[in-house]
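Remarks on the structure that follows.
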Amino acid sequence: MNGLIARGTSSQVYLAQDPNLSIQLAIKVFECQLVDNQNSGEAVEQHKIKNWQADFINESKILHQLSSAPHVVSLMEFDFTNAKQPYIVMPYYKRSLADLLGSQNKLSMRKTLLITQQILTGLHYIHMAGLVHLDIKPANILLDDNDQVQIADFGIS
């Protein structure tokens, strides 16, 4: 792991280096641990843990279901750490649409049309799979080195 790159309401995303493939990865670690409900303490904590577990399972299923969809971030792996903390491994993208927009919050007409077309293509495949993203925003539109769109963060889908 090379450090924290993003933080959400129920997860943190870390930058990592795959030693075998020599590529950078994003690892989304959910802030919960799988526990035995009978041995768990407080009811409120049980409810939080169940929600985080459901978020992890839901997002993993969605990414798997959309694995061949264009302009949707790829699922590389999902599993649990030795401490039973769930995580999802995805390709790392250095920037988002929010980064590209910057403080001026505008793009050329040509760049706007190219990015919009890719977002709409990705959303079309998401909707064809019977899903709704529910959190489309510039920070969740990732861009590769060639400004190819990858829609990310299906946490509330």
(message) Which of rounded, prolate or oblate describes the stretch 90-157 when judged by the alpha-carbon gyration tensor and an a/c cut-off of 1.5?
(response) prolate
(message) Please list 3J(HN,Hα) in residue order for the stretch 20-30, calculated via the Karplus relation 6.51 cos²θ - 1.76 cosθ + 1.60 where θ = phi - 60°; whole Hz, with x for glycine and proline.
(response) 7, 8, 6, 10, 8, 10, 10, 10, 8, 9, 7
(message) For the pairs Lys28/Lys84; Lys28/Lys111; Lys28/Lys61; Lys84/Lys137; Lys61/Lys106, flag any whose C-alpha to C-alpha distance is greater than 26 Å.
(response) Lys28/Lys111; Lys84/Lys137; Lys61/Lys106
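Could you give the length gained on full extension between Arg95 and Val132, defined as 0.36 nm per residue of separation minus the Cα-Cα distance, in nm?
Details: separation 37, 0.36 × 37 = 13.32 nm, distance 2.34 nm.
Going from the current span to full extension adds 11.0 nm.
At a 1.4 Å probe radius, which order do Lys84, Lys106, Lys137 fall into by accessible area, largest first? Please list the in-between numbers first.
Working: Lys84 120, Lys106 140, Lys137 90 Å².
Most to least solvent-accessible, the answer reads Lys106, Lys84, Lys137.
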(request) Compute the acute angle (0 to 90°) between the alpha-carbon long axis of helix 109-128 and the principal axis of greatest extent of the alpha-carbon atoms of the chain; round to the nearest 10°. (result) 40
(message) Taking 25 Å as R0, compute the FRET efficiency from the Cβ-Cβ separation of Gln104 and Asp145 and round it to 0.05.
(response) 0.70
(request) Could you work out the local net charge near Leu143, counting Lys and Arg as +1, Asp and Glu as -1, over the other residues with Cβ closer than 9 Å to its Cβ? (result) -2
(request) For the chain, just the Cα set please: Rg and Dmax, both in angstrom. (result) 16.8, 58
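The values are calculated or read from the model by the stated rules, or taken from the named source; none is laboratory data. All values derive from a computational prediction rather than experimental measurement. Don't worry about glycine lacking a Cβ; one is built from the backbone with ideal geometry, like all the others, and counts go over all protein chains shown. Note: areas computed on protein heavy atoms with side chains; ligands, DNA, RNA excluded. Shrake-Rupley method; radii C 1.70, N 1.55, O 1.52, S 1.80 Å.
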